[in-house]
Amino acid sequence: MKLAIIGLPSSGKTTLFNALTRGHAAISAGGRSREANIGVVRVPDDRVDLLSTMYEPQKTIYAYVEYVDVGGFDSSGEKDKPLDEKLWNLVRPVDAIVLVARNFEIGGIAPTAWSDIGKVECEVILADLIVVEKRLARIEEDKKRGRKINEEEHNLLSRCLTALEEEKPLRSLSEEVASSPLLKGFAFLSAKPILWIINNGEKYTKVEISEVPPNTVVTEVCGQLEMELAQLSPEESEVFRGGLEVNAEPALQRIIRHSYALLGLISFFTVGKDEVRAWTITKGTPAQAAAGVIHSDIEKGFIRAEVLAYDDLVEFGSYAQAQKKGRVRLEGRDYIVQDGDIINFRFNV
Ligand SMILES: Nc1nc2c(ncn2[C@@H]2O[C@H](COP(=O)(O)OP(=O)(O)O)[C@@H](O)[C@H]2O)c(=O)[nH]1
Ligand SMILES: [Mg+2]
């Protein structure tokens, strides 16, 4: 899973990036950094920890998340200024966007969390609008020249144009439009699920958000504090967290959890003496397609999936014991994989 962190300058993007990745990227006091920060973090998962203790494998592989702190967002508000294409190109390949909004005072400037969200959403919409208008103009030109055009693409893009002109993000459109294969290549920014993060200072006024739009999740963090905690040892940070009035769950875990939910992601596991591993799939994935995440040969040669629910393994204490009690099931290609399934794929090569 890949997430881009965007927001106005000095909203705390790099601070949050450091909190999430235990990184030490330079924090800008004022000015804006042009450099993007990229970090990979493993997804904390108690289930993988337990499986690893049980099997004592040579390798334990967690699911991971990649964060890109794109930096350099321009908030000059000059509408006719060309957008930073380089910045948006870093955001286009990601699965979801993390939008950081400043809810702390800086240099005597009062917090602007709610207007930050509006401004950044506007920029995102504008970036898509430019792409849609360009493509539609191209189609019109082809039409004039008597070339054959794709009516369905034209129709879909016109619907996108209407939404964007009304300042609505594409993620607010119906699933049928948003997930159309014809639009996939455009990698529209406003179609991506988004996590709004209210970055609170030590003293702050709570931002009340009553209505959350589709494919959007809101959460709050104290970026600065989370960064400081992330730079301590895990033991020390736990002790400090216990004595603080902050959310007991570290920002990293909370943000990953929200992102998984937002993207409809779940994990299944493979276990053995050589390797215990978590795999990430979309909710609703059938067994045969899930096999393909591991290797295309396993998908092609799929015979059956031997499945044990994680909770059953915990209840019976071992795979063999769970098997004795009839909890290990043989499932076919259409079985819908559930979060926490431990799977052993049987296949032909
Ligand atoms: N009080 C307070 N200051 C913060 C917080 N997060 C960031 N800052 C400050 O805001 C400034 C900009 O932070 P930075 O992470 O570089 O913002 P970016 O430009 O969005 O990457 C720095 O001076 C930070 O110390 C926070 O949660 N509370
Ligand atoms: Mg920064």
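Figures for the structure shown
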quantity	calculated
Flag if Ser172 is polar (S, T, N, Q), open to solvent by 40 Å² or more (accessible area, probe 1.4 Å) and within 27 Å of Asp84 (Cα to Cα)	yes
Test: residue in segment 302-311 that is over 30 Å from Arg327 (Cβ atoms), among the β-branched types (Val, Ile, Thr) and out of contact with any helix residue (DSSP H, G or I) (no Cβ under 8 Å at 6 or more places or on another chain)	no
Out of Ala251, Ala305, sole residue that is more than 16 Å from ligand 2 (Cβ to nearest atom), touching an Asp or Glu at 6+ places or on another chain (Cβ under 7 Å) and modelled with pLDDT of 95 or more	Ala305
Residues satisfying the stated conditions in segment 238-260, i.e. out of contact with any Ser or Thr (no Cβ under 9 Å at 6 or more places or on another chain) and part of a helix (DSSP H, G or I)	Glu238, Val239, Phe240, Arg241, Gly242, Gln253, Ile256, Arg257, Ser259
Only listed residue being modelled with pLDDT under 90, away from ligand 1 (no atom under 16 Å from the Cβ) and surrounded by 14 or more Cβ atoms within 10 Å (Cβ to Cβ), chosen from Ser237, Ser190	Ser237
Segment 304-322, residues that are surrounded by 14 or more Cβ atoms within 10 Å (Cβ to Cβ) and more than 32 Å from the chain's Cα centre (by Cα)	Phe316, Tyr319, Ala322
Selection status of Asp80, more than 11 Å from ligand 1 (Cβ to nearest atom), at pLDDT below 85 and open to solvent by 60 Å² or more (accessible area, probe 1.4 Å)	yes
Entirely in segment 160-237, the helices (runs of 4 or more DSSP H) that have 2 or more residues that are touching a residue at least 24 places away in the same chain (Cβ under 8 Å)	181-184, 223-230
Total residues in segment 193-228, condition buried (at least 17 other Cβ atoms within 10 Å of the Cβ) and hydroxyl-bearing (Ser, Thr, Tyr)	1
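The values are calculated or read from the model by the stated rules, or taken from the named source; none is laboratory data. Quick caveat: nothing in here was measured; it's all calculated off a predicted structure. Here Cβ is always computed from backbone atoms with ideal geometry, including for glycine, and neighbour counts include all displayed protein chains. Only protein heavy atoms, including side chains, enter the accessible area calculation; ligands, DNA and RNA are left aside. Shrake-Rupley method; radii C 1.70, N 1.55, O 1.52, S 1.80 Å.
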